[in-house]
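Derivation of every value follows stated rules applied to the coordinates shown; laboratory data play no part. Given the structure is predicted, the values throughout are model-derived calculations rather than measurements. Neighbour counts are summed over all protein chains in view; Cβ atoms, including those assigned to glycine, are modelled from backbone coordinates with ideal geometry.
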């Protein structure tokens, strides 16, 4: 049994890295989330999550969604397999775009589809 952790080294926290990801990275919408991703020089996969304060005024709601997004990613990050040709790392950022709260199962499925989409996109760009 493998441990599904989401440690400090796996978190995308740097403002500079996040800004660069938004400017230069690729993105797509997957249901209720928008996903930004970019290959980077640093090895490993780093991920971050965000929720709009304009849509969700209460911090309780924003924090709940962020917790669920991180948990969905943590449980499924083994889906994400970098091709051998990409010897670099990958930065990911998930933004919750729905207008209302959702249950964990729907969010889990959206993150699963998003990770599979990233796999196919990176696989096509490596060829």
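Quick rundown of the values:
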item	result
Chain lengthening between residue 79 and residue 5 when straightened (0.36 nm per residue, less Cα-Cα)	25.2 nm
DSSP bridge pairs, region 9-121: antiparallel proportion in percent, nearest 5	60
Residues listed by number, region 88-127, amide nitrogen under 12 Å from residue 27 label point at 7 Å toward C-beta	93-97
Cα long-axis angle, helix 104-126 against the chain (0 to 90 degrees, to the nearest 10)	20
Relative contact order [Cα under 8 Å, 6+ residues apart], the chain, whole percent	34
Estimated inter-spin distance, residue 15 and residue 121, nm [label 7 Å along Cα→Cβ]	2.6
Near-label residues of region 20-43 by backbone N, under 17 Å of a point 7 Å along Cα→Cβ of residue 102	28-36
